[in-house]
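A short worksheet on the structure shown next.
The values are calculated or read from the model by the stated rules, or taken from the named source; none is laboratory data. Everything quoted here is computed from the prediction, not taken from an experiment. So basically every Cβ, Gly included, is an ideal-geometry build from the backbone, and we count neighbours across all protein chains shown.
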Amino acid sequence: MTPIPPFPAPAAHLTRRHFFSRTSLTLGGAALAHLLGRDAALGLESPAVAGRGLLGQPHFAPKATRAIYLFMSGGPSQMDLFDYKPRLNTDNGRDLPDSVRQGQRLTGMSANQATLPLAGSAFKFARHGQAGHWISELLPHTASVADELCFIKSLHTEAINHDPAITFFMTGAQIAGRPSLGSWLSYGLGSEGDNLPAFCVLVTKGKGGQPLYARLWGSGFLPAAHSGVKFLPQADAVPFLKNPEGVSGPARRQLLDRLAELHQSEYERTLDPFLNDRIAQYEMAFRMQSSVPEATDISGEPESILDMYGPDVRTPGTFAANCLQARRLIERGVRFVQLFHQDWDHHGGLPGAIRSECQQTDQPAAALIKDLRLRGLLDETLVLWGGEFGRTAYSQGKLTAGDYGRDHHPRCFTAWAAGGGIRPGVCHGETDEFSYNISRDPVHVHDWHATILHLLGIDHERLTFKYQGRRFRLTDVHGKIVTPVLA
């Protein structure tokens, strides 16, 4: 049998767009216009060039124009921070009733325990603000901004282990490969400025706990231009921005100009829109050479503002420094800033461990709210706080008079939101006496995402991307807006 010869080189990269552009002017022109129009509807035009993003403008008037997400990786214990349950202290040491557990699955870390002893919180609670929010003594600074906060106490998720759970919160799917929340916002709305990316990421330096992967802020199957840009706590906050040794600014500018000409020539030959994306990324990197050092330089911040964030703010990479950095980034047009703070995974030694995490995060998080309010930015900036799941009402391992641990608990946990379109002073949802099951107004992760997008002016059912024959969206085929928390 005569082997089939391979395609010649020109045919190997021939696209439909390329083919139709070289057929008759009538049929080919009509077909090309149709393809380009359809690609634009799917986001296949050059969203990096059009810094406004796919939509050009939101679907409807947004309540928030930007967002900052304070993600507490590991799963903070809701009943030690916000979900006050005196019944746990009353029944401390008694076994979790079967009527409460209802045969629900446990992780392998506590499923084989002979007993599941209820563990009352070691910390005192008090009501704060006109709303009377119950807040733990661990969070005095958060308590000082209680009336700015909306608590959602009935969040629930599907994953019981960290990796799928945090992937679910970041991407709307438990399996890796989908675009992250920030990437969807970048894809849909773009950046408000020209000199910084739409989506930036800050991770607290030197923390242990569950690992964080770049795919948590990756663009998945969206164009790579929409991936989060990670800022590092060092002189070169974004690596490889500086010109190589011996290359001057004018020389770099000349190189980019010639490179743009080559890309334009190739675009005219192939009509590949992603060539424009590539040169747009080169141009963004060139502008970031000056914009990033300016954005990360806090030397001009007033002492009163630095003091508000606490003593750690002067140490790059701390949660305090990252909170201040987040405010500086959104001031300069960044659409979405994602902060990660690890080590909330307290299977044992919880009282001491959670106290340490709160000492690192309480004052900066509250200062961010106050700082945004002082600058007139809070009303248009959505601030979110929470982890990937909660903790169990029972103790994992041995319960003692002064110590306990808590296992993963996806069935109910607490998050809070403030600013941009959120109704302040509201407490939405309720759990049972043990903070084990939801008793009123459940909020699924997809509902959480739908509400975030709604506040930013996006209809979560309409922001889609066609991939492998299916139109994907952040909320998959679910999600409803939590209207009671909207201002």
Practice problem: Give the residue that is farthest from Pro97 (Cα to Cα), with candidates limited to residues of the range 432-487 that are hydroxyl-bearing (Ser, Thr, Tyr) and touching a Gly at 6+ places or on another chain (Cβ under 8 Å). | Solution: Thr475
Practice problem: Select from the range 428-482 the residues that are part of a strand (DSSP E or B) and hydroxyl-bearing (Ser, Thr, Tyr) and write down the one among them that is nearest to Pro58 (Cα to Cα). | Solution: Tyr467
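Could you please find all residues in the range 156-215 being acidic (Asp, Glu) and either surrounded by 18 or more Cβ atoms within 10 Å (Cβ to Cβ) or modelled with pLDDT under 95 (or both)?
Within the range 156-215, Glu192, Asp194 meet the criteria.
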Practice problem: Give Asp447, Asp432 a once-over and let me know the one that is surrounded by fewer than 24 Cβ atoms within 10 Å (Cβ to Cβ), in contact (Cβ under 8 Å) with a residue 60 or more places away in the chain and of a type in the set (Asp, Glu). | Solution: Asp432
Quiz item: Is it the case that Gly182 is in contact (Cβ under 8 Å) with a residue 12 or more places away in the chain, in a helix (DSSP H, G or I) and more than 26 Å from Gly390 (Cβ to Cβ)?
Solution: no
Quiz prompt | Count - residues of the range 395-427 that are touching a helix residue (DSSP H, G or I) at 6+ places or on another chain (Cβ under 9 Å) and assigned to a strand (DSSP E or B) | solution = 10
Quiz prompt | Filter pass, Ala237 being small (Gly, Ala, Ser) and touching a strand residue (DSSP E or B) at 6+ places or on another chain (Cβ under 7 Å) | solution = yes
Quiz item: Just a yes or no: is a residue in the range 265-283 farther than 30 Å from Arg406 by Cα and among the β-branched types (Val, Ile, Thr)?
Solution: yes
Quiz item: Taking the range 35-92 only, how many residues are modelled with pLDDT of 95 or more, assigned to a loop (DSSP other than H, G, I, E, B) and of a type in the set (Ser, Thr, Tyr)?
Solution: 4
Exercise. Working only within the range 271-312, note down all residues that are assigned to a helix (DSSP H, G or I) and either over 25 Å from Leu241 (Cα atoms) or acidic (Asp, Glu) (or both).
Key: Asp277, Glu283, Glu294, Glu303, Ser304, Ile305, Leu306, Asp307, Met308, Tyr309, Pro311, Asp312
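In the range 249-268, how many residues are among the hydroxyl-bearing types (Ser, Thr, Tyr) and at pLDDT 85 or above?
Residues in the range 249-268 being among the hydroxyl-bearing types (Ser, Thr, Tyr) and at pLDDT 85 or above: 1 in total.
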Exercise. Out of the residues in the range 313-347 that are part of a loop (DSSP other than H, G, I, E, B) and of a type in the set (Val, Ile, Thr), state the one that is surrounded by the most Cβ atoms within 10 Å (Cβ to Cβ).
Key: Val334
Quiz prompt | Residue match in the range 146-153 (condition: more than 27 Å from Pro211 (Cα to Cα), surrounded by fewer than 21 Cβ atoms within 10 Å (Cβ to Cβ) and modelled with pLDDT of 95 or more) | solution = yes
Quiz prompt | Residue list for the range 217-236, filter: in contact (Cβ under 8 Å) with a residue 60 or more places away in the chain and either outside any loop (DSSP other than H, G, I, E, B) or surrounded by 18 or more Cβ atoms within 10 Å (Cβ to Cβ) (or both) | solution = Trp217, Leu222, Pro223, Ala225, His226, Gly228, Phe231, Pro233
Self-check item: Single unsatisfied condition, Phe389 versus (1) free of Cβ contacts under 8 Å to residues at least 24 places away in the same chain; (2) touching a strand residue (DSSP E or B) at 6+ places or on another chain (Cβ under 7 Å)
Solution: (1)
Quiz item: Out of (1) under 18 Å from Ser180 (Cβ atoms); (2) crowded, with 20+ Cβ neighbours inside 10 Å, the odd one out for Tyr467 is which?
Solution: (2)
Quiz item: Name the pairs whose Cβ atoms lie under 9 Å apart, with the first residue in the range 260-271 and among the acidic types (Asp, Glu), the second surrounded by fewer than 16 Cβ atoms within 10 Å (Cβ to Cβ), and 6 or more positions between them or separate chains?
Solution: none
Practice problem: Hey, could you check the range 351-403 for residues that are touching a Lys or Arg at 6+ places or on another chain (Cβ under 9 Å) and among the aromatic types (Phe, Trp, Tyr) and say which is farthest from Val313 (Cα to Cα)? | Solution: Tyr394
Quiz item: For Ala365, all conditions in the list (1) surrounded by fewer than 24 Cβ atoms within 10 Å (Cβ to Cβ); (2) in a helix (DSSP H, G or I) hold save one; what is the number of the exception?
Solution: (1)
Practice problem: List the number of the failed condition for Gln363; all other conditions in (1) in contact with a strand residue (DSSP E or B) (Cβ under 7 Å, 6 or more places away or on another chain); (2) on the phi < 0 side of the Ramachandran plot hold. | Solution: (1)
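Okay, residues lined up against (1) under 17 Å from the mean Cα position of the chain (by Cα); (2) of a type outside the set (S, T, N, Q):
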| site | (1), (2) |
| --- | --- |
| Val145 | no, yes |
| Pro164 | yes, yes |
| Thr171 | yes, no |
| Tyr187 | yes, yes |
| Gly190 | yes, yes |
| Ala198 | yes, yes |
| Ala225 | yes, yes |
Quiz item: Residues in the range 368-391 that are over 25 Å from Asp407 (Cβ atoms) and either in a loop (DSSP other than H, G, I, E, B) or at pLDDT below 95 (or both): how many?
Solution: 3
Quiz item: Mind checking which residues of the range 280-315 are within 30 Å of Leu256 (Cβ to Cβ) and touching a residue at least 60 places away in the same chain (Cβ under 8 Å)?
Solution: Ala280, Gln281, Met284, Arg287, Met288, Ser290, Ser291, Val292, Ala295, Thr296
